[in-house]
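Working notes, structure below.
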Amino acid sequence: MSSHRQDSVRRLAAPDIAARKGKVPVVCLTAYTAPMAELLDEHCDLMLVGDSVGMVVHGLPNTVGVTMEMMILHGQAVMRGSRKAMVVVDMPFGSYEGAVEEAYANAARLMKETGAQAVKVEAGPHIVETIAYLVARGIPVMGHVGLRPQAVLVDGGFKAKGKLAEERQRILEEAQAVAGAGAFAIVVEGVAEGLAREITDAIEVPTIGIGASAGCDGQILVTDDMLGLFDWTPKFVRRYADLRGEIGRAVGRYAEDVRARRFPGPAEIYFAKAG
């Protein structure tokens, strides 16, 4: 009999998320660290270790510079901090766009070294074949259509998609192809509201909106944006807190106490025992 302790909490997996289609909306947020994952786990169905970590945590100008090693490091941290929510890790730029065998090797490495339940890839001309290849070999895949952050250098910036008829049709067809290839869910980012609803109605897997539509099957935001940790957030973000201001005020009080020698006080220092 194995001496390994089994956790009594069952973590959600791809079939659980897929089964939410048209039912209870899927609650998703990004996570990059163990402490934040622990806080989010109680409320989220799915946590995405997004390559947005490059911008949010590491100060990169976009997601293009994110590496496999960065995704693995943060994926491991999120897995340590969570128990219930499904954890999906973004495949970084350059790790899946080439040969399907290379994509599989990188996806398998991500899952082996993090313990995550799935990977996410952005849609592109050759992604359908890659998704089918990965899914057939036991790797659950989440897709991503619309605004694609990894294509920022081609697009010339982060621009909303689907406003023109031709582009709208292309994105709809991409979503249908990604779903048909076996993706268990699809992130729909930065598209016209009507297109997001059209995609949601046209495919049989859940859509997870970000800057899309309340009609999607779920929603995701970058947690740091939603908590108000930056001085600017995109139009589609609703700030549920002002942690930037709160942290600034707390650090200011700390600095004042240090300079006035009010910290540390008697409650925060150690004293030698008598005798």
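Give the residue, chosen from ALA116, ALA103, ALA107, that is open to solvent by less than 30 Å² (accessible area, probe 1.4 Å), in a loop (DSSP other than H, G, I, E, B) and not hydroxyl-bearing (Ser, Thr, Tyr). Steps first, please.
Values: ALA103 fails: in a loop (DSSP other than H, G, I, E, B); ALA107 fails: in a loop (DSSP other than H, G, I, E, B).
After ruling out the rest, the residue left standing is ALA116.
Considering (1) out of contact with any Asp or Glu (no Cβ under 9 Å at 6 or more places or on another chain); (2) at pLDDT 95 or above, say which one LYS23 fails and leave the rest.
(1) is the only condition that LYS23 fails.
Restricting to segment 198-236, name every residue that is surrounded by fewer than 19 Cβ atoms within 10 Å (Cβ to Cβ) and over 20 Å from THR30 (Cα atoms).
Listed by number, the residues that qualify are ASP201, ALA202, GLU204, GLY215.
Are there any pairs with C-beta distances below 8 angstrom linking a residue in segment 92-108 that is under 15 Å from LYS120 (Cβ atoms) to a residue that is crowded, with 18+ Cβ neighbours inside 10 Å and of a type in the set (Asp, Glu), with the two at least 6 apart or on different chains, and if so which?
Hits for this filter: PRO92/ASP51; PHE93/ASP51.
Among the residues of segment 7-26, what is the count of those that are surrounded by fewer than 17 Cβ atoms within 10 Å (Cβ to Cβ) and among the aliphatic types (A, V, I, L, M)?
Residues that pass the stated criteria total 4.
Do we have PRO125 as touching a helix residue (DSSP H, G or I) at 6+ places or on another chain (Cβ under 8 Å) and free of Cβ contacts under 8 Å to residues at least 60 places away in the same chain here?
Taking the combined requirement at face value, the residue does not satisfy it.
Please find, within segment 45-66, the residue that is surrounded by the fewest Cβ atoms within 10 Å (Cβ to Cβ) out of those that are assigned to a loop (DSSP other than H, G, I, E, B) and either among the polar types (S, T, N, Q) or in contact (Cβ under 8 Å) with a residue 60 or more places away in the chain (or both).
Among those residues, the one meeting the criterion is VAL64.
The values are calculated or read from the model by the stated rules, or taken from the named source; none is laboratory data. None of the values given here were measured: they were computed from a predicted structure. FYI the Cβ positions are ideal-geometry reconstructions off the backbone, even for glycines, and counts take in every protein chain you see. Calculation scope for accessible area: heavy atoms of the full protein, side chains included, ligands and nucleic acids excluded. Shrake-Rupley method; radii C 1.70, N 1.55, O 1.52, S 1.80 Å.
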